[in-house]
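Structure, as C-alpha cells:
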Amino acid sequence: SAAGQGHHIKMDSDNLATAAELLAAASGFCLTVEQRALLPSSLTILKHEHGFAKVYYWGKIQGISSDYLIAMGLGSKEISYKDESLKTCGEITVAEFFDTLKLFTKKYFRLGPDGVSWTVLPEVDEDLKKKYNEWSQSLKKKGSVFTPMKGDASHKYEYTVGEETKELSEDERLAFMVQEIDEECSVVPVGSFVLNSSQRVIVNPYYKGLDLSAALRLDSYMHLRKPRTTPALPVAERSALKKSTQFLDFIANDQPKGCWSLKHDPSSSLVVLRSLSFPGFVHFNAVDSHVHGAIYHGTGARNFDLPFML
C-alpha cells in the first residue's frame with residue numbers, strides 16, 4: 001500500500017496521484033481525471049518558476065459560477081543556510097527563542113481557467129486586513145456573516161464606510177480567506193518538522209510517523225505557523241518543552257475546546273483530523289508511517305456557531 005512505502009507525502013507535484021488516493025479515502029474529496037492529469041506538471045512548473053523548496057496543492061474554495069483551486073509554495077532553495085548559521089551564536093534564552101524562529105515563507109496561488117497557469121494571490125498586508133474587516137462589518141450590518149464567493153476573481157464587492165464607498169476585489173477576499181484558513185488549520189505531526197542550529201524550521205528527514213495511540217492524541221499535532229499560544233505559556237512550562245520538536249503551537253490549546261475531531265479508519269490505517277471551525281479541512285496520518293497530508297475543500301466559511309454546539 002502507499003502508506004507502507006514510508007514516503008513523506010503531501011499533495012505536492014512529485015506524488016500527487018498517491019496523495020490524492022489517500023486524501024480521497026480520508027476526506028471523500030476526489031480530484032477529477034483532468035485535474036489529476038494537469039496538476040502535477042503545472043505544480044512542477046510553478047515550483048521551478050518561483051524557486052520554491054516545495055509546492056503543494058492546498059485545496060479548493062467553492063464559488064457560485066466556478067471554483068478556485070489553490071496551490072501553496074513553501075520556502076526557497078536560494079537561502080544560504082551557512083550564512084544563517086553564522087548569524088546565530090550563543091545559547092538562546094527561552095524569552096528570545098520564539099522571536100528568533102525562522103518559519104517557511106508561504107505564497108498562495110489560484111489556478112487559471114486554462115487549468116495550467118497559476119496566478120499569485122495578493123499579499124495579505126495590514127491595508128488588506130483593514131479593508132476586509134471593513135467589508136465584513138458592513139456585511140454584518142446587513143444581517144449576514146457570510147456570502148458565497150462569486151467564482152470571478154475580478155468581481156468587486158462594494159461597501160460604505162461613513163459616506164465613502166469602497167471596493168474589495170474577490171481576489172483580495174480569496175487571499176484573506178486562504179491565509180485565514182491556513183493560519184487556523186495548517187497542521188503537522190509533532191516531530192515531522194524540526195529546528196536546525198540556526199533556528200530555521202526544516203522538514204525532519206528522520207521522521208518515522210506516529211503510532212496509533214499517539215496519532216489519536218491532540219497533543220501530537222502542531223500548527224505550522226508563527227507560534228502564538230506557546231510563547232504565552234508560563235516560563236516553567238516553556239522550559240520543559242523540547243526545543244528541537246515542540247516549538248510550535250499545539251492544536252490541543254486551540255479555542256474553543258473541542259474544535260478538532262480525531263478518528264481512526266482501520267480499513268485504510270489512516271487517522272483523520274477534521275477542523276470543526278472550518279468544515280472542509282481534513283488532515284490525515286498513515287499510522288506508523290512518514291505519510292501525512294492535508295486538504296481544504298469548502299466555501300471558506302467559518303463555523304461561528306461552534307462554541308454553542310460543543
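The values are calculated or read from the model by the stated rules, or taken from the named source; none is laboratory data. Only a predicted model underlies this, so the values are computations on that prediction, with no experimental measurement involved. FYI the Cβ positions are ideal-geometry reconstructions off the backbone, even for glycines, and counts take in every protein chain you see. The protein model used for the area step is the full one, side chains on, heavy atoms only, and it has no ligands, DNA or RNA in it. Shrake-Rupley method; radii C 1.70, N 1.55, O 1.52, S 1.80 Å.
Observations on the model:
- Summary of packing: across the peptides 64-70, 267-273, the per-residue average of other C-beta atoms within 10 Å ranks them, highest first, as 267-273, 64-70.
- Carbon + sulfur, % of accessible area of region 100-221 - ligands and nucleic acids excluded, 1.4 Å: 50 percent
- Distance violations [Cα-Cα > 27 Å] among Lys129/Lys156; Lys106/Lys150; Lys60/Lys130; Lys106/Lys263; Lys54/Lys156; Lys107/Lys131: Lys106/Lys263; Lys54/Lys156
- Simple spin-label estimate for Arg217 and Arg36 in nanometres, 7 Å along Cα-Cβ: 3.7 nm
- Computed label-point distance, nm, for sites Val161 and Ala53 using a 7 Å Cα→Cβ extension: 3.7 nm
- Here the label points at Val203 and Lys257, each 7 Å from Cα along the C-beta direction, are separated by 3.7 nm in the simple model.
- When peptides 291-304, 247-260 are ranked by their average number of other Cβ atoms within 10 Å per residue, the highest-first order is 291-304, 247-260.
- Theoretical gain in end-to-end length, His264 to Ile45 [0.36 nm per residue, Cα-Cα removed]: 75.3 nm
- Backbone N within region 135-162 under 14 Å of label point (7 Å from Ile64 Cα along the Cβ vector): 146-158
- Potential extension, Leu276-Leu139 segment - 0.36 nm per residue separation minus Cα distance: 47.0 nm
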